[in-house]
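The structure under discussion appears below in the form of structure tokens.
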Amino acid sequence: MNDLTEFEKRIKWRKSKENIFKLISLVATYSCILLLFVLVFDLFMDGKEWLGLKFLTNFQSRFPHKAGIYAGLMGTLWLTITTALISIPLGVLAGIFLEEYGIPGKIGKIIEINISNLAGVPSIVYGLLGLSVFVRGAQMGRSIIAGALTLGLLILPVIIVATRESLKAVPLSLRMAGYALGARKYQVTFGQVLPSALPGILTGIILAIGRAIGETAPLVVIGALSYVSFVPASVKDEFTVLPIMIYNWASRPQEAFHGLASAGILVLLIVMLCLNGLAIYFRIKNQKGKRS
Amino acid sequence: MRSEKISLKREYMVRAFLGPTAIVSVITTLTIVIILFKEATGFFKEIPVTDFLFGTNWAPLIEPKSFGVLPLVTGTFLVTAGAAFIAIPLGLLTAFYLSVYAKPNLRDIIKPILEILAGIPTIVYGYFALTFVTPALKIIFPEIEVFNALSGAIVVGIMILPMVSSLCDDCFREVPGSVKEGAYALGATSFEVSWQITLPYSLSRVLASFILAISRAIGETMAVTLASGANPQLTFNPLKSIQTMTAYIVQISLGDVQASGVEYYTCYAVGILLFAITLGMNLFGHAILAKYRRV
């Protein structure tokens, strides 16, 4: 009978370990989620009084009540579109080439390792690169085009990897069917495989663009201005972006500027949320397509 | 047939057009390395490497000038270690919860939320650290400074947590069902299966995820710039204001530094150190991932 009690004791001890583990993993998971809500709530409380049409259409000002993010919004818009125009075609085409055609041998492996390393390089290093090569070397100055090229290089590995993953997911049978009908590789690739992989690629692109919108450090190094009272008229103009305006306001000691900063963050987050929502929509559409 | 000839020509044209796009990535890496080296040599011409790497006083802009980078390194280390301390345990626990305990519906809700957490721009975290975390910490540690390493460490930890949990969750799910089911059949609890089977099975990939997350933390810029300050001092006290390598580069970029002279080159010297550290860690992490890929 003693054995049974020993046994029961051990079972109880193991069960309680199990329950404790379940509890702390639950707490860990939900505390992060809770933190997210706390963050958003805190931002909302700080910033809601500053949000408004004036906030979106005013330029910077020494006076908090007159300040707005118009310059930043326009700058972000110009910069994002230019970056997208540069990096999306380049990234998608590179991804297609690497995945469908491939480079044999050691060079191919080196390129693969290279891309995954570039994805992990801190964004500020890209800023140093942009400063030396684009701002100074190519003498583009602190212009939108310099910033767009820098950010483009930054998100390029992300787009390439996303493209490759989406292409990998396309079943081999689709390609084989194309070849069996006598199509050339480019016809199969661009006529069959690419359209099939498109939702996944779009998801990757959207997430990459979302990343570019929120980037601050490389643009600071390039020299995007903090106090701007004009809207860019061409890609050669100087500019500011929303994250830098937020940083500028957040670094000031006055409370009012902190409120402005949180309002700016709310605008930024809404933009990112819309983009993420779009990405999730495409991802769901992608999965549905595969199931049918 | 003529159409065959045309399509063959087009095929070669497509290949010739696509090929160079892949080279861009190689050019980028080479350019980063070349530029960093070139500008850094400008720096190391005047300051000996040993002074830089082992000096303990970083004061490149104020007289008397000193170029020992260790305070920046310890600043980065403090923030990174703190972030890892938070992200690794919590990330692992979250991964276990997602892969073992959470119902599929719940998992489909939680995963996107974690992704949102990861996608929030870093200045937002910096702002959060400054306006919420530091005041909250002040209640527990009244002697904490307005800018401090701990605040930065906490928000960076939150930032990299989704990376750890997502990577670990993926590899926990890849543990063969047969092994887990066998353990359950023998009467093991989920905790025992997780610790004694799942974790050892995926250990190398889990470690790789840690390395990659830490590398990300090292390169983190805006959150620590806002939260941890611009005071390069050699300290291991997380309650004090410090400066990380990344925050220093921001400080120089924002200030009025001429495009030549040692001060300007400090940017690149710190940059090359940062690049070398993160590159080393990334290579190591990916090597582990590649070696133990059980697909």
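Checking each residue in region B:25-42 for being surrounded by 19 or more Cβ atoms within 10 Å (Cβ to Cβ) and within 18 Å of A:Thr163 (Cα to Cα) picks out only B:Ser25. Within region A:240-292, if we keep just the residues that are β-branched (Val, Ile, Thr) and modelled with pLDDT under 85, the residue that is surrounded by the most Cβ atoms within 10 Å (Cβ to Cβ) turns out to be A:Ile280. Considered as a group, the residues in region A:53-95 that are closer than 15 Å to A:Val267 by Cβ and of a type in the set (Val, Ile, Thr) include one that is most open to solvent (accessible area, probe 1.4 Å), and that residue is A:Thr57.
Test B:Phe172 against the criterion of being open to solvent by 20 Å² or more (accessible area, probe 1.4 Å) and among the aromatic types (Phe, Trp, Tyr), and give yes or no.
Criteria not met by B:Phe172.
Within region A:41-52, restricting attention to residues that are out of contact with any helix residue (DSSP H, G or I) (no Cβ under 7 Å at 6 or more places or on another chain) and open to solvent by 60 Å² or more (accessible area, probe 1.4 Å), which residue is farthest from the other protein chains (Cβ to nearest Cβ)? Walk me through it before giving the result.
We begin by selecting, within region A:41-52, every residue out of contact with any helix residue (DSSP H, G or I) (no Cβ under 7 Å at 6 or more places or on another chain); these are A:41, A:45, A:48, A:52.
Next, from what is left, pick out any that are open to solvent by 60 Å² or more (accessible area, probe 1.4 Å): A:41, A:45, A:48.
Values: A:Phe41: 10, A:Met45: 10, A:Lys48: 15 Å.
Filtering first and then ranking leaves A:Lys48.
Scanning region A:201-215 for any residue that is without any contact (Cβ under 8 Å) to a residue 24 or more places away in the chain, assigned to a helix (DSSP H, G or I), open to solvent by 50 Å² or more (accessible area, probe 1.4 Å) and not β-branched (Val, Ile, Thr) turns up nothing.
Contact map, region A:144-166: residues that are among the basic types (Lys, Arg) paired with residues that are open to solvent by 10 Å² or more (accessible area, probe 1.4 Å), Cβ distance under 8 Å, separation 6+ or inter-chain. Pairs shown: A:Arg164/A:Leu98; A:Arg164/A:Glu99. Going by the structure shown, is B:Ala83 aliphatic (A, V, I, L, M), within 14 Å of chain A (Cβ to nearest Cβ), open to solvent by less than 20 Å² (accessible area, probe 1.4 Å) and free of Cβ contacts under 8 Å to residues at least 12 places away in the same chain? Taking the combined requirement at face value, the residue does not satisfy it. Given (1) open to solvent by less than 20 Å² (accessible area, probe 1.4 Å); (2) out of contact with any helix residue (DSSP H, G or I) (no Cβ under 9 Å at 6 or more places or on another chain), identify the lone condition not met by A:Phe37. Of (1) open to solvent by less than 20 Å² (accessible area, probe 1.4 Å); (2) out of contact with any helix residue (DSSP H, G or I) (no Cβ under 9 Å at 6 or more places or on another chain), only one is false for A:Phe37: (1).
The set of residues from region B:20-44 being of a type in the set (Gly, Ala, Ser), within 9 Å of chain A (Cβ to nearest Cβ) and in contact with a Phe, Trp or Tyr (Cβ under 6 Å, 6 or more places away or on another chain) comprises just one member, B:Ala22.
Answer with yes or no whether B:Leu78 is in contact with a Leu (Cβ under 9 Å, 6 or more places away or on another chain), within 14 Å of chain A (Cβ to nearest Cβ) and either closer than 29 Å to B:Ala153 by Cα or open to solvent by less than 10 Å² (accessible area, probe 1.4 Å) (or both). No.
B:Phe210 meets the stated requirement of being under 19 Å from B:Leu98 (Cα atoms), modelled with pLDDT of 90 or more and not basic (Lys, Arg).
Of all residues in region A:147-161, none satisfies being over 27 Å from the mean Cα position of the chain (by Cα) and more than 12 Å from chain B (Cβ to nearest Cβ).
Do we find that A:Ser16 is within 11 Å of chain B (Cβ to nearest Cβ), touching a Ser or Thr at 6+ places or on another chain (Cβ under 8 Å) and either open to solvent by 40 Å² or more (accessible area, probe 1.4 Å) or closer than 30 Å to B:Arg107 by Cβ (or both) in this structure? Taking the combined requirement at face value, the residue does not satisfy it. Apart from one condition, A:Gly141 fits all of (1) surrounded by fewer than 24 Cβ atoms within 10 Å (Cβ to Cβ); (2) out of contact with any strand residue (DSSP E or B) (no Cβ under 8 Å at 6 or more places or on another chain); (3) within 30 Å of A:Val231 (Cα to Cα); the exception is (2).
Taking the conditions exactly as written (at pLDDT 80 or above, more than 9 Å from chain B (Cβ to nearest Cβ) and open to solvent by 60 Å² or more (accessible area, probe 1.4 Å)), does A:Tyr30 satisfy them or not? The answer is no for A:Tyr30. Can you find a residue that is within 14 Å of chain A (Cβ to nearest Cβ) and modelled with pLDDT of 90 or more anywhere in region B:63-75? Among the residues of region B:63-75, not one is within 14 Å of chain A (Cβ to nearest Cβ) and modelled with pLDDT of 90 or more, which makes the answer no. Name the one entry in A:Ile96, A:Ile88, A:Ile81 that is in contact with a Leu (Cβ under 7 Å, 6 or more places away or on another chain) and among the β-branched types (Val, Ile, Thr). Only one candidate qualifies: A:Ile96.
The values are calculated or read from the model by the stated rules, or taken from the named source; none is laboratory data. Model, not experiment: these values are computed from the prediction. Positions of Cβ are generated from backbone atoms using ideal geometry, with glycine treated the same way; all protein chains shown enter the neighbour counts. What goes into the accessible areas is simple: the full protein's heavy atoms, side chains included, and nothing from ligands, DNA or RNA. Shrake-Rupley method; radii C 1.70, N 1.55, O 1.52, S 1.80 Å.
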